Structure formats: structure tokens, C-alpha cells
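To start, the structure under review is shown below, and the notes come after it.
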Amino acid sequence: MTWNDSIVWVFRDFGLHDCRFKDYYVALLLQFPSTHTPIYFVIQSIDYPIHRQTIQIIKATHMGFCFGVRDAIHLAQEESSKGPVTILGDLVHNRSVMASLEARGITIARTPEAVETPRLMVTAHGTSDRTRQVLENLGFNPIDATCPLVHHAHRSLRRLVSMGYHPVVIGKRGHTEVLGLAGDFDQCEVVLSPEDIRAMKPRARFGVIAQTTQPLERVRGLVDTIRTTFPDAEVRFEDTVCQPTKLRQNSVRELARQCDVVIVVGGKHSNNTAELARTARDHITRVHQVESPEELRDEWVQGCSKIGVTAGTSTPEETIQAVVDRLEELAARAVGE
Ligand code: SF4
């Protein structure tokens, strides 16, 4: 054991391993010949702060791929090994995932008419029964990668309509999942703000569901707005926000409460990733959304002690890890290690 080793052990033994001897402590090593047991004493502490500045990187308890996305990717990979297949739209809103699928020979088409392979896959976001009918009329027997929780949202809305409720979807207009949910009901309202709700016509009964990736707090707030805007109407709400979204939303809230900065990893077009960033911004201002580690900037880690990391449901583990690795480098540089 060298003298330097012993210093390190002093700090380990005293729980001070993040300190440096040259800055803070003078230590004495004594060794008793009879026992050969080294005994360490800190004999003087100098009037400096005990701990060096450190930056801790904290990962959200729940983040990254959900089971719906994972299953859809596996299905696409499996189907691609059987022959040419086209996915109708982005299977998930993540460029690296889509690039890896295209590298396997999978093609992407935006409309059924543009599909040139004999086999076609519907994405995890699902589609309307009307679109399924169009696909069948074109001779396709679609491979269905729709998440079971999106199917559940479709069933909930269908049931509400069959009971005589006017359909309302709380979600982002134009999003693939929302287009699919609303696509079978001509009168379906799609709302995402109190203004959207105030623009609706009065009805006797509203049947309300939500896009699976909406934050539940916002959804509940908008359901209350429907109730107060139309006090004479019967409003029935079925909670179709999926459990992975709820877990990720709760986790990012916890993360934002304890961190100075939150990094959200995920595709720029991913709704659930954008919602994680929005929720974090309800608590702190230093929130950054990135698709890859190259986008991280030195100044984002300056002056902070805790950086939180979370990721959308379509972000692969490799991307999350690459971002964490890069953050560790930036953090080490920021504290001068
Ligand atoms: S976010 Fe929810 S609904 Fe969407 S694929 Fe994942 S589990 Fe399914």
C-alpha cells in the first residue's frame, strides 16, 4: 500500500471519498507491528469546505420504452424477416428506431394508396375502423401493431357513443392516435384547451375519453371545464390515459422537484416526450429536450448539483445511456475533475 492509497482509504473510512487530501485534510498513518493492522487518523482539518462540488445524475424511476412500443418494434422486426412489409406511418415517433427498421428493409408509407408491398402494418397508435375498411378494400390484410391500450380507448369511445353520448376526445388534433380514435365518428370533438371546449355546441350528454399519452391532471382539468361550461349536460368520462404514461408523468414530476435541470430524451415529434418536458417545466425552468447526446450543451450543467434524466416511451435504452454517459462527461468537466 502506498501513502496515496492510505489517504484514499482514510477518506473511504470516514465517508469523505469525494474530498481530496491536498485540499482538505492532513492524515497520519500508523501501523502496529503486532497486529499489522493499519490505523488511520485525521489529525488536522483545514478551514475549507468539506465537500467538493459534485453533480449527481438522477434517472427517473419510470422512463423509456413502454410495452406497447417494445411489442410493436418486435412485431415489425419479426414480420420483416418473412418478406417485404410496409408500415403505414411512423411505427413510433423516434428517428433512430425508424432508421433501424428501414435498415431492415421495412418501408414506410403515409397513405394506403402509396403502399407497394403485399403486406402492410398498422402502427402502435392504431387507426380507425374506416381506415381498416379502406385497407381491406385495397386487398390488404393489415398486420396490427396497435397497442392494446389504444384498442381499449377505441372500445371505450365506441361504448359511450352506443349509449347515446356525444363523443369527445381530449387529445392533440392531427396526432395519428387521435385521428384513429375520432375517425369513426363524424361529430367527434377533439379538444385540448378550455377555448376548444367553449367552442363546442351544447349537448345533452358528453362521452369523454383521452388520448393515451395525455397527462391525467390536464385531462381531469378539461373534463371539469366541460362540466362547468355545460352545467345542464351529463358528462361521462372514461379514463383512457395509459398506465405507462401515468407512471412516467409521476416520475418526471418527482424528478423536477429534486433537480436543478431536467433532460428529456426523445423524438421531437413524440407527443409523450413533449408532455414529459411540459410537466417538468411546471416545476423548473431548466428543462431541455434532446434526441441524441450530441445536442447536450456545456452550459446546461453549469451551476447545478442534480441533473434529472427522463425519456419518452419511444426512446431506446441505448440512446438514454448515451445521453447519461455524455452528461457524466460534461458534469466532470464542470466541476474540474
Ligand atoms: S404509450 Fe401507452 S398507449 Fe402508447 S404504446 Fe405505450 S403503453 Fe401503449
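Each reported figure results from applying straightforward, stated rules to the coordinates on display, with no laboratory input. All values reported here derive from a predicted model rather than from experimental measurement. Neighbour counts run over all protein chains shown; Cβ positions are idealised from the backbone, glycine included.
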Search the structure for amide H atoms under 5 Å from the amide H of residue 241, placed 1.01 Å from N in the peptide plane, and list their residues when 5 or more places away or on another chain. 210
Burial ranking of peptide ranges 194-201, 255-262, 234-241 (average Cβ count within 10 Å, highest at the top): 255-262, 234-241, 194-201
So residue 332 and residue 234, fully extended at 0.36 nm per residue minus their Cα-Cα distance, gain in nm 29.5 nm
Using a simple charge model, +1 on the beta-carbon of Lys and Arg, -1 on the beta-carbon of Asp and Glu, nothing else, what dipole does region 149-241 show about its Cα centre, in debye to the nearest 20? 100 debye
Length gained when the stretch residue 162-residue 141 is fully extended (0.36 nm per residue, less Cα-Cα span): 4.9 nm
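Pick out, in residue order, every one of the trypsin sites (Lys or Arg not before Pro) in region 86-182 that is DSSP loop and has at most 16 other C-beta atoms within 10 Å; say none if there are none. Write down the numbers at each step before the final one.
Details: sites: 95, 104, 110, 119, 130, 132, 155, 158, 159, 172, 173; in loops: 104, 110, 172, 173.
Hits after loop and neighbour filter: 104, 110, 173.
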Quick one: go through region 66-92 and flag any residue whose amide nitrogen is under 20 Å from the point 7 Å out along the Cα-to-Cβ line of residue 321. 66-67, 69-71, 73-74
Packing-based exposure ordering (other Cβ within 10 Å, fewest first) of 177, 102: 102, 177
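Looking at the square roots a ≥ b ≥ c of the eigenvalues of the Cα gyration tensor of region 255-337, which shape do they give, rounded for a/c under 1.5, prolate if a/b is larger than b/c, or oblate?
It comes out oblate by the Cα gyration axes.
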Cα shape, region 122-251, gyration tensor, a/c 1.5 rule: oblate
Ranked by Cβ crowding within 10 angstrom, fewest neighbours first, how are 276, 138, 327, 216 ordered? 138, 216, 327, 276
Work out the FRET efficiency for residue 246 and residue 268 from their Cβ-Cβ distance, taking R0 = 22 Å, and round it to the nearest 0.05. 0.40
Compactness ratio of region 68-147: Cα Rg over 2.2 N^0.38 Å, N = residue count? 0.98
Computed curve, region 188-337, Cα-only Debye sum without solvent term, log₁₀ I(q)/I(0) at 0.16 Å⁻¹, is -0.86
